[in-house]
Amino acid sequence: MPILSLSNNICSESQPLALNVLLNASFSGGTEGFSATNADLTYSPAKRLGIQATATNGYAYQNFSVIPGVPYSISFKWHLTGGGTQSAGNLKLGSTDGGHEYMNLNYADDDATYQSGDIDFTATASTLYLRLITATDTKYTHWDNIIIKLAQE
């Protein structure tokens, strides 16, 4: 039987929606909540964020509030496309703009499948900074289901 989550979306009992601290991290609202530097943001009908670098290390970013001293977890899916040439990128999560003390994931992949990742961390500041970076000019990264929520005990 479906249950009603805090966001008023119907979901299954086996997978209730997590209370995500990011705005529009499922990309159901297009690119809303994310800004870009040296990149163009796109939105696919499959509800994924696309980042095309217009210069080296173009990125999408979002700053968000958390409670210092509280454990959180981040999970996400990504896919790189390079038009036959390898593309590379980076996910940074830190307590300063461009910081990466919680996560500094470097990746290089031209595979057609999505990869996933997750990590637990304890916030040390009330504002955190997320950057999703496409390292190579004219290349793309695609992101889906970015969830930052209170860590499970």
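Identify the residue in the stretch 55-66 that is closer than 16 Å to W78 by Cα and crowded, with 19+ Cβ neighbours inside 10 Å and, among all such residues, is modelled with the lowest pLDDT. Checked the stretch 55-66; the qualifying residue modelled with the lowest pLDDT is G58. Restricting the stretch 34-54 to residues that are surrounded by 15 or more Cβ atoms within 10 Å (Cβ to Cβ) and within 11 Å of H142 (Cα to Cα), the residue that is modelled with the highest pLDDT is L41.
Within the stretch 115-147, how many residues turn out to be closer than 22 Å to A46 by Cβ, in a strand (DSSP E or B) and modelled with pLDDT under 95? Summing the residues that are closer than 22 Å to A46 by Cβ, in a strand (DSSP E or B) and modelled with pLDDT under 95 in the stretch 115-147 gives 15. Among residues belonging to the stretch 80-89 that are in contact with a strand residue (DSSP E or B) (Cβ under 6 Å, 6 or more places away or on another chain) and either surrounded by fewer than 19 Cβ atoms within 10 Å (Cβ to Cβ) or not in a strand (DSSP E or B) (or both), point out the one that is modelled with the lowest pLDDT. Residue satisfying both the conditions and the ranking: Q86.
The values are calculated or read from the model by the stated rules, or taken from the named source; none is laboratory data. Keep in mind that this is a model prediction, so the values were computed, not measured. Cβ atoms come from the backbone with ideal geometry, glycine included; neighbour counts cover every protein chain shown.
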